[in-house]
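The values are calculated or read from the model by the stated rules, or taken from the named source; none is laboratory data. The structure displayed is predicted, hence computed values, not measured ones. Please note: Cβ atoms are built from the backbone with ideal geometry, for glycine as well, and neighbour counts cover all protein chains shown.
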């Protein structure tokens with residue numbers, strides 16, 4: 001990931017985290033994951049949509065982002081969505097054609113315009129007890 005992207009996420013993530021954690025914005029959530037090398041726990045605000053037993057997370061920077069690589073290496077993690085925590089597993093990179101129908105109709109036309117071509121699909125394993 002380029003230094004500009006890292007700088008932007010360094011500014012954006014701390015600002016977005018409270019809103020994403022609270023579930024106030026319906027297309028924002030948080031993915032909690034464990035570092036592949038460090039073993040440390042991380043939380044990253046993300047955009048996402050749910051459909052059936054799956055979450056779809058856009059990968060605007062591609063699948064080489066640290067959080068995506070961590071989730072894939074660990075075969076899952078925890079997603080906080082609309083104020084609830086869900087254990088997720090079976091990460092799989094899918095196309096925009098597979099993921100776009102999960103998003104609200106108003107957002108669907110924006111996906112190709114901003115150039116998002118891949119998404120991480122995560123299967124919802126169960127709901128965890130969540131603390132507000």
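Take the conditions (1) more than 21 Å from residue 116 (Cα to Cα); (2) at pLDDT below 95; (3) in contact with a strand residue (DSSP E or B) (Cβ under 6 Å, 6 or more places away or on another chain); residue 37 misses just one of them, which is (3).
Tally the residues that are touching a strand residue (DSSP E or B) at 6+ places or on another chain (Cβ under 9 Å) and loosely packed, with under 14 Cβ neighbours inside 10 Å, restricting the search to the range 91-116. So the count comes out to 5.
Please state which one of 53, 66 is in contact with a strand residue (DSSP E or B) (Cβ under 9 Å, 6 or more places away or on another chain), in contact (Cβ under 8 Å) with a residue 60 or more places away in the chain, exposed (fewer than 14 other Cβ atoms within 10 Å of the Cβ) and over 21 Å from residue 111 (Cα atoms). Don't jump to the end; show me each part of the working.
Working: 66 fails: exposed (fewer than 14 other Cβ atoms within 10 Å of the Cβ).
Checking each option against the conditions leaves just 53.
When residue 45 is tested against the conditions (1) crowded, with 20+ Cβ neighbours inside 10 Å; (2) more than 12 Å from the chain's Cα centre (by Cα); (3) at pLDDT below 95, the lone failure is (2). Take the conditions (1) surrounded by 12 or more Cβ atoms within 10 Å (Cβ to Cβ); (2) more than 12 Å from the chain's Cα centre (by Cα); (3) modelled with pLDDT under 95; (4) under 15 Å from residue 29 (Cβ atoms); residue 125 misses just one of them, which is (4). Tell me which residues, restricted to the range 83-105, are at pLDDT below 95 and touching a helix residue (DSSP H, G or I) at 6+ places or on another chain (Cβ under 9 Å). 83, the sole residue that qualifies. Surrounded by fewer than 22 Cβ atoms within 10 Å (Cβ to Cβ) and under 21 Å from residue 38 (Cβ atoms) - does that describe any residue in the range 78-90? Checked the range 78-90: at least one residue is surrounded by fewer than 22 Cβ atoms within 10 Å (Cβ to Cβ) and under 21 Å from residue 38 (Cβ atoms).
Scan the range 104-122 for residues that are more than 13 Å from the chain's Cα centre (by Cα) and within 15 Å of residue 51 (Cα to Cα) and jot them down. Result: 104, 105, 107, 108.
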